[in-house]
Amino acid sequence: MTEHFTEQAFLPLNIAILTVSDSRGEDQDTSGHFLRDSAETAGHRVIAKLIAPDDVYQLRAVVSGWIADPEVNVVLSTGGTGVTGRDSTPEAVRPLFDKEIEGFGELFRQISFAEIGASTIQSRAFAGLANGTFVFCLPGSTGACRTAWEHILLPQLDIRTRPCNFAQLIPRLRER
């Protein structure tokens with residue numbers, strides 16, 4: 001898919017990355033590393049990266065801190081979006097949203113269906129806006145993070161993408 005770009009200058013965004021896992025350490029965090037490396041390769045700044053256990057209150061505390069920080073434009077989380085008993089990212093993060101971006105999860109599952117078939121139904125990937133910060137919650141697999149990054153996040157976090165993108169909205173997100 002070819003994106004339409006304008007000639008305006010690239011605008012680097014400040015991104016915080018959260019890996020939700022009870023079992024992964026920094027050495028095993030392939031999804032978090034993928035997101036960090038991809039964001040930096042695209043020209044964005046990763047200003048925080050953390051691994052936190054799949055616990056509603058710990059996750060909510062981490063994301064709350066980042067959405068309260070005016071320097072953070074985007075939070076990317078990976079993991080905890082499945083349907084098992086320990087998967088609690090949606091329950092932790094959704095209450096923080098001012099607005100949900102329903103189309104993100106819908107589009108992710110549509111694209112993912114072409115890659116993994118009906119197994120995509122197990123994903124509860126979602127996104128929203130919280131205190132002027134974009135929050136995208138992705139599945140824990142590196143493949144799912146790649147799908148979301150390459151097909152949705154990379155173009156939508158690039159201010160040059162036309163006809164529209166999330167990056168161009170950042171100055172207006174806290175309007176009242």
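The values are calculated or read from the model by the stated rules, or taken from the named source; none is laboratory data. Note that the structure is predicted; figures quoted are calculated from it, not measured. Heads up, the Cβs are rebuilt from the backbone with ideal geometry, glycines too, and the neighbour counts pull from every protein chain shown.
Taking every residue in region 77-97 that is of a type in the set (Phe, Trp, Tyr) and pairing it with any residue that is not in a loop (DSSP other than H, G, I, E, B), at least 6 positions away or on another chain, the pairs with Cβ-Cβ distances below 7 Å are Phe97/Gly128; Phe97/Leu129; Phe97/Ala130.
Only a single criterion out of (1) under 25 Å from Asn165 (Cβ atoms); (2) at pLDDT 95 or above; (3) in contact with a Gly (Cβ under 7 Å, 6 or more places away or on another chain) is not satisfied by Leu18, namely (3).
Annotation: of all residues in region 118-176 being hydroxyl-bearing (Ser, Thr, Tyr) and in contact with a Phe, Trp or Tyr (Cβ under 8 Å, 6 or more places away or on another chain), the one that is nearest to Asp98 (Cα to Cα) is Thr133. Just the residues that are surrounded by 13 or more Cβ atoms within 10 Å (Cβ to Cβ), among the aliphatic types (A, V, I, L, M) and not in a strand (DSSP E or B), please, taken from region 83-139. Scanning region 83-139 gives Ala92, Val93, Leu96, Ile101, Leu107, Ile111, Ile116, Ala125.
Taken over region 35-72, residues that are aromatic (Phe, Trp, Tyr) and either surrounded by fewer than 18 Cβ atoms within 10 Å (Cβ to Cβ) or within 18 Å of Arg86 (Cα to Cα) (or both) amount to 1. In this structure, does Gly117 turn out to be at pLDDT below 95, farther than 26 Å from Asp22 by Cα and out of contact with any helix residue (DSSP H, G or I) (no Cβ under 6 Å at 6 or more places or on another chain)? Yes.
Screening the candidates Val46, Val83, Val74, Val62 for the property of being over 15 Å from the mean Cα position of the chain (by Cα) and either at pLDDT 95 or above or at negative phi (or both) yields one hit, Val83.
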